[in-house]
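In what follows, a single structure is set out as structure tokens and then discussed.
The values are calculated or read from the model by the stated rules, or taken from the named source; none is laboratory data. In this text, all values refer to a predicted model and were calculated from it rather than measured experimentally.
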Amino acid sequence: MNRSSFSENQILSARELEIITLISLEYSGKEISEQLFISLNTVETHRKNIMKKLKTKNVIGLVKYALKNNLIKP
């Protein structure tokens, strides 16, 4: 079942979209935690939750999905 980007935006929180954007910009987990003033563990939890929600297996799949569904800009 293919969901539209509109429904994905409803499923993902603003913070999760922020994290996807930083992942796509090749920020490390530590850099994301410093940028957003959250712990590295929180970043990893968000990343795992995002991948679960979007049914992706790894970060590469996550970025490909986000680009394909216009969740992030190339």
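For Glu16, indicate whether it is assigned to a helix (DSSP H, G or I), modelled with pLDDT under 95 and not polar (S, T, N, Q).
Spelling it out, it is not the case that Glu16 is assigned to a helix (DSSP H, G or I), modelled with pLDDT under 95 and not polar (S, T, N, Q).
For region 22-44, what are the residues that are within 11 Å of the chain's Cα centre (by Cα) and farther than 22 Å from Lys68 by Cα?
Val43, Glu44
I'd like the full set of residues that are of a type in the set (D, E, K, R) and in a helix (DSSP H, G or I), limited to region 21-69.
Step one: of region 21-69, the residues of a type in the set (D, E, K, R) are 26, 30-31, 34, 44, 47-48, 52-53, 55, 57, 64, 68.
Correct list: Lys30, Glu31, Glu34, Glu44, Arg47, Lys48, Lys52, Lys53, Lys64, Lys68.
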